[in-house]
Every structure is written in C-alpha cells, then in structure tokens.
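Take this structure first; my questions come after.
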Amino acid sequence: MYFNILKGAVAALALTVTPALAEMWRCDLAVTRGFIQSPLLLSIDRKTGEGAVYDPIIAHYYEETPVRLSHLKLGKAEVTARWRLEIIDRSSARSKVDYKARLDTATGKISVSANVIAYPETKGARGTCEKIKD
C-alpha cells in the first residue's frame, strides 16, 4: 500500500513545484498512529522558496494531492517547513492540524510535530530522510 502511495506521490510532488529545480526527500518516521504518519515526502524548490508535502494522511483526506507548504525556511544545513491540514472525520468533526518539520540536510535527521488546534497537546516524531531527487 505505501509503495503505491509513494509512487503516486513522487509524480504528484514533481508537478506541485518546479520539477527541474525541486529536491525531494523521503522520510521514515518512528510513529505508530495519530496525526503524524510515515512515510513523509518533502519537495523543496530552493530557487523559488516553495515546497510541498505528502504523507498517508494527505493521501487519504486530500485525494492523493500534495499540500503546499505555508512556510519554508532554507538554510545551508537545515530546512524548516510548516503546513496546515483540515481534516474531517467520519462524524463530520473538523480538526485543524498545524505541522512543523525540521530537516538536517547534512545528516538526514528529521523531527516533525503536529499540533491539533483547540487541543493543548503537541505530538512529535523523529526519523531519517533520504534525498531521492536533486
């Protein structure tokens, strides 16, 4: 299942940002359930400062369409990305979830946090990423 998600995601992410300039990262996170799921794909265009993200939650709730990053801070060895998802569950309850990811591009280590708006709790996960496209 995840292979099919990744296969479609790589193609979709390539169309979301400028394909020739985007670098793509595939990240495996140590998670079991909740608002942070693995694998996570990041597409980053250093020239335009834009990017997109894709994971199993986005695949499910956004009909396999990557989500544009709302904030992208690019450093030489670190990338910080933010995005928000609006999720409607089976009972029609809406949840807004703010995400933040910090990727150390030198080591491939990533930390991701998810904060459900209206709840004081923030969940987090760590993992490793591999650059799959320059």
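Please compute the length gained on full extension between Arg94 and Thr107, using 0.36 nm multiplied by the number of residues separating them and subtracting their Cα-Cα distance. Don't skip to the end; give the middle numbers.
Values: separation 13, 0.36 × 13 = 4.68 nm, distance 3.66 nm.
Answer, rounded to one decimal: 1.0 nm.
Greater than 24 Å separation of Cα atoms is the criterion. Which listed pairs, Lys76/Lys123; Lys96/Lys131; Lys47/Lys96; Lys100/Lys131; Lys96/Lys133; Lys76/Lys131, meet it?
Working: Lys76/Lys123 27 Å; Lys96/Lys131 29 Å; Lys47/Lys96 30 Å; Lys100/Lys131 19 Å; Lys96/Lys133 31 Å; Lys76/Lys131 15 Å.
Result: Lys76/Lys123; Lys96/Lys131; Lys47/Lys96; Lys96/Lys133 exceed 24 Å.
Let me ask something additional. How much length is gained on full extension from Lys47 to Glu130, taking 0.36 nm per residue of separation minus their Cα-Cα distance? Intermediate values should be presented prior to the final figure.
Values: separation 83, 0.36 × 83 = 29.88 nm, distance 2.05 nm.
Between Lys47 and Glu130, full extension yields an extra 27.8 nm.
None of the figures in this text is laboratory data; all of them are computed from the coordinates on show. These figures come from a predicted structure and were not determined experimentally.
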